[in-house]
Each structure stands twice: as structure tokens, then as C-alpha cells.
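J.: I have a structure here, written as C-alpha cells, and I will follow up with some questions on it.
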Amino acid sequence: MIPFELTILGCGSASPAKERNPTAQYLKWADRCFLLDCGEGSQMRMLEYGLKSSRIEHIYITHLHGDHFFGLIGLLTTFGMLKRTAPLKIFGPPGLAAIIELQLELTGSVLSYTLEFITWEPVFAKIFEDEHLEVYTIPLSHRTPTCGYLFQEKPGQRKLIRHKVESLNIPINQLASIKAGADFIGGDGFCHSNATLTEAPRAPRRFAFITDTVYLPNIAPLIGDVDLLYHESTFNNANADKAISTFHSTAEQAASIAASAGAKRLLIGHFSAKLKKDDLGNLLAEATSIFPNTVLAEEGMKLEF
Ligand SMILES: [Zn+2]
Ligand SMILES: [Zn+2]
């Protein structure tokens, strides 16, 4: 199966915490790499975990709070120093391009590659598509325009049933069209329907990256039955009032989004600096009481789906 995997580079929130870096995740599909948010220190984490930053094709920024993009200018100028030539796309909110362009200009940084900004409006929309993958924005409710992202594979072609192909002596030059859905007419004129010659491909895999947001139940139908849902869980139940006043979520709220969406697995992160390592067990218990298949994000953690 084509590798589809996520590595956590940072799972903290805005205030610095000793054990955690601010938000960043490295998503890999086959040999294609994407960076999701780029908090301070993201370059160092990629070095530490042996992840090639030069492979990154796209960077997806959720919003303009520093804990989600203050590592970006450093990474972009490193690419320049390393004489990167591959073009780079950055998806993000209005204002991001102006900030980065000003930083590049005033620091006299010259890039060796083409940088393209794709600015979204905070609505549900398809913002990228190619032969294999689609990416959607998921509008969130935070203190500044914010979108999460949904990554999904496109459905593969139908799979040939080998013994049928062999027993019917189907010519090689017809196999591609049968995989694409065509029927086969045998030498005797009999029509073999596609359903008898092929089987359905495996279900496309999907990953949703949701940070930062106040509890927003209406995102559940947009996310649907994702294989993995990352949802911010900045606070525990004891601080549920802070979650509301700062437009963040609790672990229990993240779990209830996962449950109502029908997600297969939930990953929680963006922990408040006030939550120490020992507090995370309770935070996890609050989430698993609603959605049992929940894991705590930890730096360096790799998840495959
Ligand atoms: Zn944040
Ligand atoms: Zn924020």
C-alpha cells in the first residue's frame, strides 16, 4: 500500500513550554511531502527526526497566530541557502503573503526557487487537486481567519480479477479500459460486465487537520469518516470556560467531534503550556470517555493510515 503517514513536529500551543514545540506536522503520501503549520523550531525537529525538508512541496498554514507560522521565514530562507530549485506552494490566510514578502525584502533574502502563495477565504472549498490527492479548507471559528485542512486520496482504479482475465484471454491492450470501468466482449459476442471482471479498489484514505477553533459541531459532516482526525485540545474540562473565551476546544469537545463525524481515530494536541506531562493522562481520559480510539500527540510520533 502507498505510504500515507504523519509525523508530529510540535504539539504545544502559544506559550512556550519546555517539553513541547508549537504546532507543525509533516505529512507524507508516497514520496510527496507536505508541511502543516510551521511553528518556531520546525526546521530543528525535521533535522532531529531525519525528515527531509527539501522534499516539502506544499506548506499549509491554518492562521496567523505565531505558534502556527513563526518558523516559516526561517525555513524559506534555509531553502534559499541550500539552493533549492523546486517550486514551493504555500496555502494560507489573507495577509500571509504580505508578511513573508516584507520579511524577505527587508532582510535582503533572495530565493533560488519560485514561491507561490495560494490565499484562501475561510470557506469550505477544494484548494488543491492532482491525479492522486485533493485538499479542502475547513472553516474554523477562532480569533482570526482560520481554516483546517482535509487531505484525501482520489479513488483508485478498479482491480482486475486475475483468474477472470486469464480464463477469458482478455487482450493486454484492453486491460486499461477495463480497469477504468469498461465491459469486455468475448470472441463469442458475449458481454462480460465490468463487475464480473474487477473488484472495487480500497477505500481512499483521508486525514483532517483541525486547529485552532472553539467547539464547532458543524465541521463534523465536512470531515466525515476520516481515517485520522487531528483536533486541537488546548484545555481540559476544568478550564472549559477558558476554551470559550480564547476560542479553543477541550479534549472532550474534540472527542465529540470525532464521534459525530464517525472518524476512525482521533489525535489530540495543541496542549496548553499549563498542562504538564503528568496532566495529559487525565486529558486523554476525558477524550476517551467520549471517543475511545484517541491518542495524545507527542513530538516525533509517527502515525500511518
Ligand atoms: Zn495555536
Ligand atoms: Zn490560534
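Values quoted throughout were computed directly from the atomic coordinates according to the rules given, and no laboratory measurement underlies them. The shown structure was predicted, so the numbers you read here are calculated from the model rather than taken from an experiment. Every residue, glycine among them, receives a Cβ derived from its backbone with ideal geometry; neighbour counts consider all protein chains shown.
J.: About its Cα centre, how strong a charge dipole does the chain have in debye, to the nearest 20, once Lys and Arg get +1 and Asp and Glu get -1 at the Cβ?
T.: Details: 28 positive and 33 negative charges, 98 e Å.
That gives a dipole near 480 debye.
J.: Compute a Gaussian network model of the chain, connecting alpha carbons closer than 10 Å, and tell me which residue from Thr78, Thr250, Thr114 fluctuates the most.
T.: In the Gaussian network model the winner is Thr114.
J.: Which loop-located GluC sites (Glu not before Pro) does the range 249-305 contain, where loop means any DSSP state but H, G, I, E or B and the Cβ has at most 16 other Cβ atoms within 10 Å?
T.: On the way: sites: Glu252, Glu286, Glu298, Glu299, Glu304; in loops: Glu298, Glu299.
Here the sparse-neighbourhood loop sites are Glu298.
J.: Give me D for the range 49-164 in µm² s⁻¹, whole number, from Stokes-Einstein with Rh from the Kirkwood sum over alpha-carbon pairs, 25 °C and 0.890 mPa s.
T.: Details: Rh = 16.1 Å.
For these conditions, the coefficient is 152 µm²/s.
J.: Next up: Net charge near Ser53, counting Lys/Arg +1 and Asp/Glu -1 over other residues with Cβ under 13 Å of its Cβ?
T.: On the way: positive: Lys28, Arg45, Lys52, Arg55, Arg84; negative: Glu48, Glu57.
Residues close to Ser53 contribute a combined charge of +3.
J.: Tell me the angle of helix 72-81 to the major Cα principal axis of the chain, expressed in degrees between 0 and 90 and rounded to the nearest ten.
T.: Its long axis makes an angle of about 70 degrees.
J.: Before anything else, pin down the relative contact order of the range 159-199: Cα pairs under 8 Å, at least 6 apart, normalised by residue count, whole percent. Before the final figure, lay out each step's value.
T.: Numbers: 35 pairs, mean separation 19.5, N = 41.
In percent, rounded to a whole number, it is 47.
J.: Do any trypsin sites (Lys or Arg not before Pro) in the range 58-89 lie in a loop, going by DSSP, with at most 13 other beta-carbon atoms within 10 Å of their beta carbon, and if so which?
T.: Answer by residue number: Lys83.
J.: Counting C-alpha atoms alone, how compact is the chain: give Rg to one decimal and Dmax as a whole number, in angstrom.
T.: 22.2, 75
J.: To continue, here is another question. Between Ile161 and Met1, what is the spin-label point distance in nm, taking each point 7 Å from the Cα along the Cα→C-beta axis?
T.: Each label point is offset 7 Å from its Cα along the Cβ direction, giving 2.3 nm.
J.: Can I ask one more? Estimate the FRET efficiency between Asp183 and Ser289 by the formula 1/(1 + (r/R0)^6), using the beta-carbon distance for r and 41 Å for R0, to the nearest 0.05.
T.: On the way: r = 52 Å, r/R0 = 1.26.
Once the sixth-power term is evaluated, E becomes 0.20.
J.: Now, a different point. May I ask what percent, to the nearest 5, of DSSP beta bridges between residues of the chain are antiparallel? Intermediate results must be reported in sequence, preceding the final value.
T.: Working: 34 of 60 bridges.
Given both bridge residues lie in the chain, the antiparallel proportion sits at roughly 55 percent.
J.: While we're looking at this one, here's another question. Sequence gap at least 6, Cα distance under 8 Å: using those rules, report the relative contact order of the chain to the nearest whole percent. Spell out each step's value before the answer.
T.: On the way: 673 pairs, mean separation 50.0, N = 305.
Relative contact order for the chain comes out at 16 percent.
J.: log10 I(q)/I(0), Debye, Cα-only the range 159-199, no solvent, q = 0.17 Å⁻¹?
T.: Scattering profile of the range 159-199, log10 relative to I(0): -0.35.
J.: How much of the DSSP bridge set in the range 1-142 is antiparallel, in percent, rounded to the nearest 5? Don't skip to the end; give the middle numbers.
T.: Details: 16 of 29 bridges.
Around 55 percent antiparallel, to the nearest 5.
J.: Additional query: How high is the relative contact order of the range 225-305, given as a whole-number percent (alpha carbon pairs under 8 Å, six or more residues apart)? Display every interim value, and only then the final one.
T.: Working: 138 pairs, mean separation 28.1, N = 81.
Once normalised by length, the contact order is 35 percent.
J.: Starting from the Cα of Lys52, draw a straight line to each of the lysines and keep only those under 22 Å, dropping any in the same chain fewer than 8 residues away.
T.: Lys28, Lys83, Lys89, Lys302
J.: Here's another thing I want to ask about it. About its Cα centre, how strong a charge dipole does the range 159-199 have in debye, to the nearest 20, once Lys and Arg get +1 and Asp and Glu get -1 at the Cβ? Each step should come with its number before you reach the end.
T.: On the way: 4 positive and 4 negative charges, 34 e Å.
With only Lys, Arg, Asp and Glu charged at Cβ, the dipole is about 160 debye.
J.: If you take the square roots of the eigenvalues of the alpha-carbon gyration tensor of the range 185-252 and sort them as a ≥ b ≥ c, do you get rounded (a/c under 1.5), prolate (a/b over b/c) or oblate? Provide the component values of the computation, followed by the final result.
T.: Details: a/c = 6.63, a/b = 5.30, b/c = 1.25.
In terms of gyration-tensor shape, prolate.
J.: Mean-square fluctuation check for the chain, GNM, Cα pairs under 10 Å: which of Asn173, Asn194, Asn239 is largest?
T.: Asn173
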